[in-house]
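Please treat every number below as a calculation from the coordinates, not as lab data. Being a predicted model, the structure only gives us computed values, none of them experimental. Positions of Cβ are backbone-derived with ideal geometry, glycine not excepted, and every protein chain shown enters the neighbour counts.
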């Protein structure tokens, strides 16, 4: 089926308000589990739901991809969708998998403007979660102590950054004074935000928005100016382009800002709140600034939109459907909004009657909001993901502007990839959920590691769990499925290593299984050609490597040289600065920043990615259904075993 990608970018003045509380119905006898995938846990919301409705057990699955799009939609299409569906605003055929909420009473609790802009063919399929305000977070203490004036125009902002860079005020190890975390969503928001109202508020911008709603807009020739400021920041060395590469980790902005190693960063009120809690410095938020005479402004975007899986409208699912409606109804009250805002640090509710706490809004953007210079951006997920991705490619020099924006137009106007023939089949679902690929052996981890080892012919293959971002579902597999499973463009390389290097590598892979409020780090290794065991981590100690053997149980030969397939990312191609390389310094063959082990030698660069390896594996086995099982390659043991 050929799909036309509908795009909807709405810019509207935000209004403030509140909603009356609703009374929860009496609890029912039957316990009903309601599932929802989100980027992180929502403990306050879960407690509120289960307090008001003791018969409902709301279970939040943390998506290992760190995003609520892509994988959530693929699950819907494959019959594995969660009961409540979170999205940045779904488009395309995924809308067919969402229930119509138009007749539900809680829809009327929201501002009509946001509901009209997110309605699809006259139907309300979503409710908007509270929004984030975005702007420039800046270190007030460093600015004040060094006599830097608070800028009121974009040129003044660049002047402040120039002085700070020259005098090494709020600079990191690379000399950068400004940061954006580099995720496609944030890059897209930053790029668009810089041109409101300097473009979108002008006649050309208004015409472009209208044409986009009609599906006739061209990004090429219209939106390149959105990258003027970020490109200028990079060209002047105020901002590091590395976080925008697809092979790099996001910059640790919070840590840098908190420690005074970054002066200004573009991000949200949530980030500002987190920085304030972890720093001795004073921070505030600047609005977006114009060079064209427009008043300063701020932007906001719903944290997410929630819908209900249409499968629940089928006979036999009445209890779960009713439970989902109760949850969305509770979320549509001030109490529900407060709970979510506490969990996520969001700053603005779209309820008609909602009294916002005065201390949530940063002083630096308060006047923008009070004077009406606050703009809402509703960005559908396809636009967010692809526009931000191609902007990143321009900012890091991987693509020129003309090529990137031509690709955006082609992608948004036509999706022919779904007409392709399948490249293979699998005999059962291989699910990525709750960070399982970062905690132990999984079927999909084994499959990818086997594919890499087969492609390279190496003795061993090691696949870092953070590179695995999506599931595979029983039945036909297409190339575009693999893009979701392994989206990163790091190339596979073959190294010669000794046994002690392998042991050091596996130990490092275990070192971050608990990280960031018990979210496991992505360095955990899925392997092929090896077996290993480990003692699990505790609150005080990381996991420890217990044993390493060949698949037949025999030990590694300490005098042998083995070939090992890993990514160039692990081998130091992006360096080990700013969390890159996942700490695999023992494999370094590229970076000059850390020593190179004499027992490690680069044999060959394959030019292929994990995704390429998977596709080749399916094509090589296209006469059989692919199966993969958990077989004891990776085992967790107690200290006494």
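Odds and ends about this structure:
- By the Stokes-Einstein formula, at 1.002 mPa s and 20 °C, the range 510-574 with its Kirkwood radius over alpha-carbon pairs has D equal to 154 µm²/s.
- Ellipticity estimate at 222 nm from DSSP helix runs (n ≥ 4, -39,500 (n - 2.57)) divided over the chain, nearest 500: -9000 deg cm²/dmol
- Where the Cα pairs of the range 268-313 fall when distances are cut into 10 Å bins, in %: 18, 29, 26, 16, 10, 1
- Most to least packed among 450-461, 99-110 [average Cβ atoms within 10 Å]: 450-461, 99-110
- Kirkwood Rh in Å, taken over the range 565-641 so that all alpha-carbon pairs contribute: 15.5 Å
- For the range 597-641 versus the range 165-235, the gap between their alpha-carbon centres in whole angstrom: 39 Å
- Taking Cα extents along the principal axes in Å as calculated from this structure, the corresponding entry among [x] 143, 51, 44; [y] 73, 68, 50; [z] 80, 62, 57 is [y].
- Value of Rg/Rh across the range 209-346 [Cα atoms, Kirkwood radius]: 1.07
- Centre separation in Å (Cα based) which lies between the range 275-344 and the range 531-580: 40 Å
- Remark: 322, 568 ranked as 322, 568, counting other beta-carbon atoms within 10 Å and listing the fewest first.
- Dimensionless Rg over Rh [the range 424-636; C-alpha; Kirkwood]: 0.94
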